[in-house]
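Student: Let me begin by handing over the structure; questions about it come next.
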Amino acid sequence: MACRSSCAGPAAAALGAAVLLSAPATAVAQTLLVAAASDLQAALPAIAAQFERDTGRKVAATFGSSGNFFTQIQNGAPFDVFLSADIDYPRRLERDGLVEPGTLYEYATGRLVLWTRRDSGIDLGRGLAVVAESAVRRIALANPEHAPYGRAAVEALRHEGLYERARGKFVLGENISQAAQFAQSGNADVGLLALSLALAPALKNVGTYVDIPAALHPPIQQAVVVIAASRQKVLARQFVDALKKPESVRLLQTYGFAVPQGRAR
């Protein structure tokens, strides 16, 4: 599976879309182009690899923020499938006639955690309240303007009355993956991150985390759709179906996602 990242921001992501638009039609037709939320970086490659084995077709996944992908698809970016970390984006695309009817499927619910490096000296025993301590100078989170995990983080802080004390410490990532990089590198003392990334080897090997109770923020409902402009609708629908298979469900659960089953519509 080919992977790309739009971590550098909207301009770079738009450039990436332009490159795809200029690709030869035969190359586009041979590869399923998937726009995927950054919290899927650990789980999706294995799902895509199995799909490639089953179908003999290639998958090229671009990871980034769901809000940026939403805008790109509105502007004609040539994706076949969109896996969003916020179900509202696919629903809005569906209302605008930009989604293949009947393909919207809620594939998972994400979970938010507070993460820090083991060598940071920060005790996460107090949970989210630790962000107000003087030892925490920088807090990594995804930009809430277009990243669902960023919005969930802000809502959790507001719920606990911590937002005003924490917001001056924010280090914003373009998406949740970049926020994780800030925390992993030590450029932030803690990160409000996706559990799926905290469980991936890169963070799991160097850090520790505590769960942020789901009651502190709206659910991070994630959904997939086939894009109406896709030239490979049959193959794209097969990819959506692959997400519903038991092996895909187990893999998503391994990375901390809650997976509602039988919820396609």
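The values are calculated or read from the model by the stated rules, or taken from the named source; none is laboratory data. This structure is a prediction, so every number in the text was calculated from the model and none was measured. Backbone-built Cβ (ideal geometry, glycine too); neighbour counts: all protein chains shown.
Student: Out of the residues in the stretch 229-265 that are in a loop (DSSP other than H, G, I, E, B) and surrounded by 17 or more Cβ atoms within 10 Å (Cβ to Cβ), which is modelled with the lowest pLDDT?
Tutor: Val259
Student: Still on this structure: Look through the stretch 88-112, keep the residues that are small (Gly, Ala, Ser) and either outside the structural domain of Arg237 (by TED's automatic domain parsing) or surrounded by 24 or more Cβ atoms within 10 Å (Cβ to Cβ) (or both), and return whichever of them is farthest from Leu33 (Cα to Cα). Steps first, please.
Tutor: Of the stretch 88-112, the ones small (Gly, Ala, Ser) are 97, 102, 108, 110.
From the residues that got through so far, the ones that are either outside the structural domain of Arg237 (by TED's automatic domain parsing) or surrounded by 24 or more Cβ atoms within 10 Å (Cβ to Cβ) (or both) too are 108, 110.
Details: Ala108: 20, Gly110: 23 Å.
Taking the candidates together, the pick is Gly110.
Student: If you check Ala48, Ala43, Ala36, Ala85, which single one turns out to be under 10 Å from the mean Cα position of the chain (by Cα) and either within 14 Å of Ser248 (Cβ to Cβ) or outside the structural domain of Val226 (by TED's automatic domain parsing) (or both)?
Tutor: On the way: Ala48 fails: under 10 Å from the mean Cα position of the chain (by Cα); Ala43 fails: under 10 Å from the mean Cα position of the chain (by Cα); Ala85 fails: either within 14 Å of Ser248 (Cβ to Cβ) or outside the structural domain of Val226 (by TED's automatic domain parsing) (or both).
Unique residue meeting the criteria: Ala36.
Student: Of the residues Ala35, Ala61, which single one is touching a Cys at 6+ places or on another chain (Cβ under 6 Å), surrounded by 16 or more Cβ atoms within 10 Å (Cβ to Cβ) and modelled with pLDDT of 50 or more? Even if it seems obvious, please write down each step before you answer.
Tutor: Working: Ala35 fails: touching a Cys at 6+ places or on another chain (Cβ under 6 Å).
The conditions single out Ala61.
Student: Does the stretch 131-185 hold any residues that are β-branched (Val, Ile, Thr), assigned to a helix (DSSP H, G or I) and crowded, with 21+ Cβ neighbours inside 10 Å, and which are they? Give the steps one after another, and end with the answer.
Tutor: Step one: filter the stretch 131-185 for residues β-branched (Val, Ile, Thr), giving 131, 136, 139, 154, 171, 176.
Filter again for assigned to a helix (DSSP H, G or I), leaving 131, 154, 176.
Residues satisfying the conditions are Val131, Ile176.
Student: Which ones in the stretch 94-111 are in contact with a strand residue (DSSP E or B) (Cβ under 6 Å, 6 or more places away or on another chain) and within 18 Å of Ile220 (Cβ to Cβ)?
Tutor: Correct list: Leu104, Tyr105, Glu106, Tyr107, Ala108, Thr109, Gly110.
Student: Further, regarding this structure: Considering the stretch 211-228 alone, what residues qualify as being loosely packed, with under 15 Cβ neighbours inside 10 Å and either of a type in the set (Gly, Ala, Ser) or over 20 Å from the mean Cα position of the chain (by Cα) (or both)?
Tutor: Going through the stretch 211-228, the residues loosely packed, with under 15 Cβ neighbours inside 10 Å turn out to be 211, 213, 215, 218-219.
Answer for the stretch 211-228, where residues must be loosely packed, with under 15 Cβ neighbours inside 10 Å and either of a type in the set (Gly, Ala, Ser) or over 20 Å from the mean Cα position of the chain (by Cα) (or both): just Ala215.
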